[in-house]
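S.K.: Pasting a structure below so you can have a look.
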Amino acid sequence: MKKITIAGLVLLAGAAWLYVDREGHPETPGVISGKAVPAAILKARSDAERAVTAGTPDAKQILFGDLHVHTTYSVDAFAWSMPVMHGNGVHPPAEACDYARFCSGLDFWATTEHGESLTPRHWQDLKDTVRQCNAVAGDPANPDMVTFLGWEWTQMGNTPETHYGHKNVILRDTDDASIPARPISAGGMAAAAMRAQGRPEWQNIVSPYMDFASRQTQYDQQYKLAELRRQKTCPDGVPERDLPKDCVEFATTPADLFAKLRDWGSESLVIPHGNTWGFYTPLGSTWDKQLTRKEHDPERQRLIEVYSGHGNSEVYRDWKEVAFDAEGKATCPAPSKNYLPSCWRAGEIIRDRCGSLPAAECEQRVAKARSDYVAAARGGHLVVPGVKPEDWLDAGQCKDCFLPAFNYRTGGSTQYALALSNFDEPGEDGKGPLRFRFGFIASSDNHAAQPGTGFKQVGRVANTETYGQDMPLRKYFIDEAKPKGTEPKTVPFDINQSRFNFLQVNESERAQSYFYTGGLVAVHSPGRSRDAIWGALKRREVYATSGERMLLWFDLLGDKGMTAPMGSEVKGVGIPTFRARAVGDFEQLPGCPAHSLNALGSKQIEQICRGECYNPSNKRKVIDRIEVVRILPQNQRGENVKDLIEDPWKIFACSGDPAGCTVEFSDTSAKRQGREAIYYVRAVEKATPTINAANLRCEFDAHGRCIAVKPCYGDERTDSKDECLAPAEQRAWSSPIFVDDGSTPKAAVLKAAPLKVATGATTK
């Protein structure tokens, strides 16, 4: 009896400890340092720019920002922050403010948490943090930094028909009367993943103890997920401002999102991103279905993110990750010179295992492997039993792209979007065809409260989206979804019926080799105020960089000194003439500048900045060349877009002068007459060592074929000190200038007509 009593007491004590120990706590937004960047530092930045602006068309200054930033208020960011995922702890919204101000030295930034991750409490915290960050900035007419409020609409579908992709919603204002009462979420797959709907309870019980020392962070995560699942869905058919403030609001399609934003009436921009990123984008997805009056709002959707820490989405390539037969059935395409479809590689892996099987049966299994891969969509890598990431070689990747997105979806590229026309619906001026007219930005898409991470190529694990799970956790997480064995046959996988979560289904291991430090958006702005920066964004007088703070101007030249800057729409100019000018970024010094150390202190510099800051020397990098891209959007039905995208159309070598490179050119081609032409430039710096620039680190044979790979993992398979450096040519992309020659007679005017245009405005 005594033994039973003691045993019972032990069990009771253990149960009580578990009950108390498992208490989760709500997240807190953190505390902003409360200090501003000294005016002398801002002046020094401005003076450095003025020193190289001779010959530029106007007095606008160039300001740098990041409009795509997550903190651990986003569910996925919180998960990746855990030590068990090689994270270094939570990073709340207040950290992002201090990081932008003192670590990366930005002029503006926006918080864009996944809307699906936010409750009314989180939304209020974010509003308060943004306001506090702006309050520290000083005079609103000349602040040290502008902070915008926003969220990410994280839409995903398992088929091309149901997938529209992710979009960031950026709000101009921060007062309660102008701000939507709640972020508008995408619902569906994203909401289920972010809210852990359908997650077995045993995972909640067991998972915290797989990293015992850090179990409290998982309890806190579970607290948040429970909080999210308790939210009630907003009723349909109720005006935005009449909805309950504590409900969660969903928009299934972009049309629904735009309608809700118009109903609320807030001034906002909607910026698509990651459209080529095959990590979550189904095979065969393209921009086509979004080029309608319902699914596209040209007043809000004026910009596109061409580059982020998840890779480049600029270029179109004339290969396909999946083909469709005459009946519309998805099939596996054959390889081409620069592309190996993953479905094809699945067949080759099976072929290598055929051994003594009769040739005919082996070929049947090869064909089935390819078919099974296509049917499994994003989960195609799960149809081959016992396969290792290295077995896929460089399948599915854009081999000749600059820092490409993983599993590149070429139909989601920016160039493809710009080449499209919808002849069934009128364009912005009431006349057809309808076209996308995007300005270009880049941002980080950082998930650790680090806006503007691309200033140095250091800290692969700390400054990119690198994450992973060491064994044994990987065995129970990533490997659990993979079929076992080495037989020469595949196992069909139905993504719609799968019991595995989003990360388990997606090809997360190879994706680690395609994470970069992140990009920046630059604006040509008449001042540092919120309204000035917002005006530049609305005008599309913006450009993107791969993280370098390159200076870039791109203008259409008219008579009497008149110019139309990047982002402009121009009609009837005859022979268009352009000027492009680029200046390289400053080479960086190690560590952080004195004003950052004084503001944060050495401990916070390590905690928030990870020991490194934007710290420019007085020596500029060299521009190697300026490339011009010309796109002639479809002028009639059925035109093949590959014939309409000229990349590069022109290349101008630069002299190597650190003061910059300036070129002028005209388009006298008859090919563009009578139609619209789109022009933009890339300024390319000389190659420098860059994190993950070699991606999977292929070993090539004598014919240039990848025969072995050495991925850059986020776990113990790659040393955390291995920066995975390789040469890459950092660059900046101007926003396009849209020149419509449709109303001009075929006999082109030999002299450009005067452009009666205020800087940055649309010309007619």
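The values are calculated or read from the model by the stated rules, or taken from the named source; none is laboratory data. This structure is a prediction, so every number in the text was calculated from the model and none was measured. All Cβ positions, even for glycine, are placed from backbone atoms using ideal geometry, and neighbour counts span all protein chains on display.
S.K.: Checking the structure you have, find out if any residue of region 225-232 is in contact with a strand residue (DSSP E or B) (Cβ under 6 Å, 6 or more places away or on another chain) and within 25 Å of ARG300 (Cβ to Cβ).
M.R.: Checking region 225-232: not a single residue is in contact with a strand residue (DSSP E or B) (Cβ under 6 Å, 6 or more places away or on another chain) and within 25 Å of ARG300 (Cβ to Cβ).
S.K.: Could you list, in sequence order, all residues of region 678-703 that are hydrophobic (A, V, I, L, M, F, W, C), more than 17 Å from ASP400 (Cβ to Cβ) and part of a strand (DSSP E or B)? Step through it out loud before you land on a result.
M.R.: Going through region 678-703, the residues hydrophobic (A, V, I, L, M, F, W, C) turn out to be 678, 681, 683-684, 687, 691, 693-694, 696, 698, 700, 702.
Narrowing further to those that are more than 17 Å from ASP400 (Cβ to Cβ): 678, 681, 683, 691, 702.
Result: ILE678, VAL681, ALA683, ILE691.
S.K.: Among the numbered criteria (1) under 20 Å from PRO389 (Cα atoms); (2) modelled with pLDDT under 95, which one does CYS706 miss?
M.R.: Going through (1) under 20 Å from PRO389 (Cα atoms); (2) modelled with pLDDT under 95 one by one, CYS706 breaks only (2).
S.K.: Restrict the check to region 73-92 and report whether at least one residue is touching a strand residue (DSSP E or B) at 6+ places or on another chain (Cβ under 6 Å) and closer than 19 Å to GLY527 by Cα. If you could, list the steps in order and put the result at the bottom.
M.R.: Restricting attention to region 73-92, the residues satisfying the condition of being touching a strand residue (DSSP E or B) at 6+ places or on another chain (Cβ under 6 Å) are 73-74.
Add one more test, that the residue is closer than 19 Å to GLY527 by Cα, and what stays is none.
Looking through region 73-92, none of the residues is touching a strand residue (DSSP E or B) at 6+ places or on another chain (Cβ under 6 Å) and closer than 19 Å to GLY527 by Cα.
S.K.: Might you let me know whether region 684-693 holds any residue that is of a type in the set (Ser, Thr, Tyr) and either on the phi > 0 side of the Ramachandran plot or at pLDDT 95 or above (or both)?
M.R.: Within region 684-693 (the criterion being of a type in the set (Ser, Thr, Tyr) and either on the phi > 0 side of the Ramachandran plot or at pLDDT 95 or above (or both)), the answer is yes, since at least one residue qualifies.
S.K.: With respect to ALA360, determine if the residue is not in a loop (DSSP other than H, G, I, E, B) and not basic (Lys, Arg).
M.R.: Judged against the criteria, ALA360 is a match.
S.K.: Failed condition for PRO576, given (1) touching a Pro at 6+ places or on another chain (Cβ under 8 Å); (2) crowded, with 19+ Cβ neighbours inside 10 Å, with all others met?
M.R.: Against the list (1) touching a Pro at 6+ places or on another chain (Cβ under 8 Å); (2) crowded, with 19+ Cβ neighbours inside 10 Å, PRO576 comes up short only on (1).
S.K.: I've got another one for you. With the condition kept exactly as written, say whether any residue in region 575-590 is within 25 Å of GLU95 (Cβ to Cβ), among the hydrophobic types (A, V, I, L, M, F, W, C) and out of contact with any Lys or Arg (no Cβ under 7 Å at 6 or more places or on another chain).
M.R.: Yes; the residues of region 575-590 include at least one that is within 25 Å of GLU95 (Cβ to Cβ), among the hydrophobic types (A, V, I, L, M, F, W, C) and out of contact with any Lys or Arg (no Cβ under 7 Å at 6 or more places or on another chain).
For (1) among the β-branched types (Val, Ile, Thr); (2) under 30 Å from the mean Cα position of the chain (by Cα), each residue gets a yes or a no:
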site	(1), (2)
GLY347	no, no
ARG351	no, no
GLY355	no, no
GLU361	no, no
VAL366	yes, no
ASP372	no, yes
ALA376	no, yes
VAL383	yes, yes
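Yes or no, residue by residue, for (1) in contact (Cβ under 8 Å) with a residue 60 or more places away in the chain; (2) of a type in the set (Val, Ile, Thr); (3) over 17 Å from HIS114 (Cβ atoms); (4) buried (at least 16 other Cβ atoms within 10 Å of the Cβ):
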| site | (1), (2), (3), (4) |
| --- | --- |
| TYR209 | no, no, yes, no |
| PHE212 | no, no, yes, no |
| ARG241 | yes, no, yes, no |
| PHE279 | yes, no, no, yes |
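S.K.: Select from region 720-750 the residues that are modelled with pLDDT of 95 or more and in a loop (DSSP other than H, G, I, E, B) and write down the one among them that is surrounded by the fewest Cβ atoms within 10 Å (Cβ to Cβ).
M.R.: The first filter runs over region 720-750 and keeps only residues modelled with pLDDT of 95 or more, leaving 722-739.
The next check asks that each one be in a loop (DSSP other than H, G, I, E, B); those that pass are 722-724, 729-730, 735-736.
Values: ASP722: 12, GLU723: 19, CYS724: 24, GLU729: 17, GLN730: 26, SER735: 30, PRO736: 26.
Looking at the filtered set, the residue picked out is ASP722.
S.K.: How many of the residues in region 632-677 are of a type in the set (Gly, Ala, Ser) and in a loop (DSSP other than H, G, I, E, B)?
M.R.: Of the residues in region 632-677, 7 are of a type in the set (Gly, Ala, Ser) and in a loop (DSSP other than H, G, I, E, B).
S.K.: Scan THR28, THR71 and give me the residue that is under 30 Å from LEU171 (Cβ atoms), at pLDDT 90 or above, β-branched (Val, Ile, Thr) and crowded, with 16+ Cβ neighbours inside 10 Å.
M.R.: On inspection, the qualifying residue turns out to be THR71.
S.K.: Follow-up question, since we're still on this one. When the residues of region 253-273 are narrowed to those that are at pLDDT 95 or above and part of a loop (DSSP other than H, G, I, E, B), which ends up nearest to GLY188 (Cα to Cα)?
M.R.: THR253
S.K.: Turning to a different aspect of this structure: From the list ALA653, ALA677, pick out the single residue that is within 19 Å of ASP585 (Cα to Cα) and modelled with pLDDT of 95 or more.
M.R.: ALA653
S.K.: Please specify each residue of region 564-610 satisfying the condition of being assigned to a strand (DSSP E or B), of a type in the set (S, T, N, Q) and closer than 30 Å to ARG675 by Cα.
M.R.: We begin by selecting, within region 564-610, every residue assigned to a strand (DSSP E or B); these are 564-565, 569-571, 577-583, 586-588.
Narrowing the set further to residues that are of a type in the set (S, T, N, Q) leaves 577, 588.
Within region 564-610, just THR577 meets the criteria.
S.K.: Enumerate the pairs (first residue in region 659-679 and without any contact (Cβ under 8 Å) to a residue 12 or more places away in the chain; second residue anywhere and surrounded by 19 or more Cβ atoms within 10 Å (Cβ to Cβ) and part of a strand (DSSP E or B)) with beta-carbon separation below 9 Å, excluding pairs fewer than 6 apart on the same chain, so at least 6 apart or on different chains.
M.R.: The qualifying pairs are SER669/ARG630; SER669/ALA677.
S.K.: Within region 127-136, does at least one residue satisfy the condition of being farther than 28 Å from ASN463 by Cα and either touching a helix residue (DSSP H, G or I) at 6+ places or on another chain (Cβ under 7 Å) or assigned by TED's automatic domain parsing to the domain that holds LEU520 (or both)?
M.R.: no
S.K.: Look through region 445-497, keep the residues that are among the hydroxyl-bearing types (Ser, Thr, Tyr) and crowded, with 20+ Cβ neighbours inside 10 Å, and return whichever of them is farthest from the chain's Cα centre (by Cα).
M.R.: Our first condition is that a residue be among the hydroxyl-bearing types (Ser, Thr, Tyr); within region 445-497, this holds for 453, 464, 466-467, 476, 486, 490.
Filter once more, so that each one left must be crowded, with 20+ Cβ neighbours inside 10 Å: 453, 464, 466-467, 490.
On the way: THR453: 13, THR464: 12, THR466: 15, TYR467: 17, THR490: 33 Å.
Out of the qualifying residues, it is THR490.
S.K.: Quick check on this structure: which one of VAL130, VAL69, VAL84, VAL75 is in contact with a Lys or Arg (Cβ under 8 Å, 6 or more places away or on another chain) and either under 13 Å from GLN450 (Cβ atoms) or of a type in the set (Val, Ile, Thr) (or both)?
M.R.: One residue alone meets the criteria, VAL75.
S.K.: Related question: So, in region 531-561, of the ones that are in a helix (DSSP H, G or I) and among the hydrophobic types (A, V, I, L, M, F, W, C), which residue ends up surrounded by the fewest Cβ atoms within 10 Å (Cβ to Cβ)? Walk me through it before giving the result.
M.R.: Of all residues in region 531-561, those in a helix (DSSP H, G or I) come to 531-539, 559-561.
Pick out the ones that are also among the hydrophobic types (A, V, I, L, M, F, W, C) and you get 532-534, 536-537.
Details: ALA532: 18, ILE533: 24, TRP534: 21, ALA536: 25, LEU537: 25.
The residue in question is ALA532.
S.K.: Which of the residues belonging to region 324-352 are more than 13 Å from CYS706 (Cβ to Cβ), modelled with pLDDT of 95 or more and not in a helix (DSSP H, G or I)?
M.R.: Answer for region 324-352, where residues must be more than 13 Å from CYS706 (Cβ to Cβ), modelled with pLDDT of 95 or more and not in a helix (DSSP H, G or I): THR331, CYS332, PRO333, ALA334, PRO341.
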